[in-house]
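K.L.:
Structure incoming, see below.
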Amino acid sequence: MSARIAPTALYQEVAERLRQRIFAHELLPGTWVDEQKLAEQYGISRTPLREALKVLASEGLVILKPRRGCYVTEISPQDLDDIFPLIALLEGRCAAEAVAKMTPADLEQLTAIHERLELSAREERIADFFEANQEFHKTIQELANNRWLLQVIQDLRKVLKLSRLHSLSLEGRLQQSLEEHRTILAALKAGDAPRVEKAMHDHLLSGREALARMQEHQAATKAA
């Protein structure tokens, strides 16, 4: 007699709800997580909540401090400097692996996503550009069909979501990002794995440089 498969564990559902609240910045970076209040809000005991927080801690989204409780992770400029080169290497590798595995239909799909980038840039719709950009990167990662690469990239990108900065709002960055996507797509169409790997790598590092310029601008504005 086969064992019955249990439904999704309660703590997993709680973890997902908290994850989305963190990404939406309802739970702000650096803030203390009030376990009792959350347990009351969700109508659950502290046990599944604590299990959920352990999951988020393993993803780097919260920090569990002995005798002090749980805090939402705060991303520092040094964290960004450490993470972006890793993502650049990994996503560059994904793009290179995608070249050998993608079909003409896959290339058509990427081209369609890129056309949305072009349109959003022309109309200066940053939110739509950002959404298409996320889809473009995710599609390439999936086309690489390397679950280990995908898992590590997704974990790192979760942590990056803790940063409320989006470089696309920086003057000139939208057009610069679009040009970088054009280079990536051209290399994919040419089937040039080394070139697309470098193009993707440079694109990610360019994004970090833009974030640094934005942080400098914000610091100068506050000091003025």
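K.L.:
With respect to residue 44, determine if the residue is in contact with a Ser or Thr (Cβ under 6 Å, 6 or more places away or on another chain) and open to solvent by 30 Å² or more (accessible area, probe 1.4 Å). So that I can check it myself, show each step before the final result.
P.N.:
Details: in contact with a Ser or Thr (Cβ under 6 Å, 6 or more places away or on another chain): no; open to solvent by 30 Å² or more (accessible area, probe 1.4 Å): yes.
Against the criterion (in contact with a Ser or Thr (Cβ under 6 Å, 6 or more places away or on another chain) and open to solvent by 30 Å² or more (accessible area, probe 1.4 Å)), residue 44 does not qualify.
K.L.:
Next question, about the same structure. So, of the residues in the stretch 160-195 that are among the basic types (Lys, Arg) and not in a helix (DSSP H, G or I), which turns out to be surrounded by the most Cβ atoms within 10 Å (Cβ to Cβ)? Step through it out loud before you land on a result.
P.N.:
Here is the first cut: in the stretch 160-195, the ones among the basic types (Lys, Arg) are 161, 164, 173, 182, 189, 195.
Then drop every residue that is not not in a helix (DSSP H, G or I), which leaves 161, 164.
Values: 161: 14, 164: 9.
Only one residue fits best here, namely 161.
K.L.:
If you don't mind, there's one more thing I want to ask. List the residue pairs whose Cβ atoms are under 7 Å apart, where the first residue sits in the stretch 105-123 and is of a type in the set (S, T, N, Q) and in a helix (DSSP H, G or I), the second is open to solvent by 30 Å² or more (accessible area, probe 1.4 Å) and modelled with pLDDT under 95, and the two are 6 or more positions apart or on different chains.
P.N.:
Partner pairs satisfying both residue conditions: 120/128.
K.L.:
Something else: Sort out which residues of the stretch 116-148 are modelled with pLDDT of 95 or more, aliphatic (A, V, I, L, M) and open to solvent by 20 Å² or more (accessible area, probe 1.4 Å), and write them in order of number.
P.N.:
119, 143 - these are the residues of the stretch 116-148 that are modelled with pLDDT of 95 or more, aliphatic (A, V, I, L, M) and open to solvent by 20 Å² or more (accessible area, probe 1.4 Å).
K.L.:
Moving on to the next point. From (1) touching a strand residue (DSSP E or B) at 6+ places or on another chain (Cβ under 8 Å); (2) without any contact (Cβ under 8 Å) to a residue 12 or more places away in the chain; (3) in a helix (DSSP H, G or I), pick out the condition that doesn't hold for residue 21.
P.N.:
(1)
K.L.:
Is it the case that some residue within the stretch 73-82 is part of a helix (DSSP H, G or I), closer than 30 Å to residue 202 by Cβ and open to solvent by less than 30 Å² (accessible area, probe 1.4 Å)? Working first, answer last.
P.N.:
Of the residues in the stretch 73-82, the ones part of a helix (DSSP H, G or I) are 77-82.
Cutting the leftovers down to closer than 30 Å to residue 202 by Cβ gives us 77-82.
From the residues that got through so far, the ones that are open to solvent by less than 30 Å² (accessible area, probe 1.4 Å) too are 80.
Taking every residue of the stretch 73-82 in turn, at least one turns out to be part of a helix (DSSP H, G or I), closer than 30 Å to residue 202 by Cβ and open to solvent by less than 30 Å² (accessible area, probe 1.4 Å).
K.L.:
May I pose another question? How do the pairs read when you match residues in the stretch 58-87 that are free of Cβ contacts under 8 Å to residues at least 24 places away in the same chain with residues anywhere that are of a type outside the set (Lys, Arg) and open to solvent by 20 Å² or more (accessible area, probe 1.4 Å), using Cβ under 7 Å and keeping only pairs 6 or more apart or on different chains?
P.N.:
Once the first residue is free of Cβ contacts under 8 Å to residues at least 24 places away in the same chain and sits in the stretch 58-87, its partners that are of a type outside the set (Lys, Arg) and open to solvent by 20 Å² or more (accessible area, probe 1.4 Å) give 63/57; 63/71; 64/57; 65/71.
The values are calculated or read from the model by the stated rules, or taken from the named source; none is laboratory data. What you are looking at is a predicted structure, and each value in this text was computed from that prediction instead of being measured. Quick reminder, even Gly has a Cβ in these numbers, built from the backbone with ideal geometry, and neighbours come from all protein chains shown. These area figures cover heavy atoms from the full protein model, side chains too; ligands, DNA and RNA do not enter into them. Shrake-Rupley method; radii C 1.70, N 1.55, O 1.52, S 1.80 Å.
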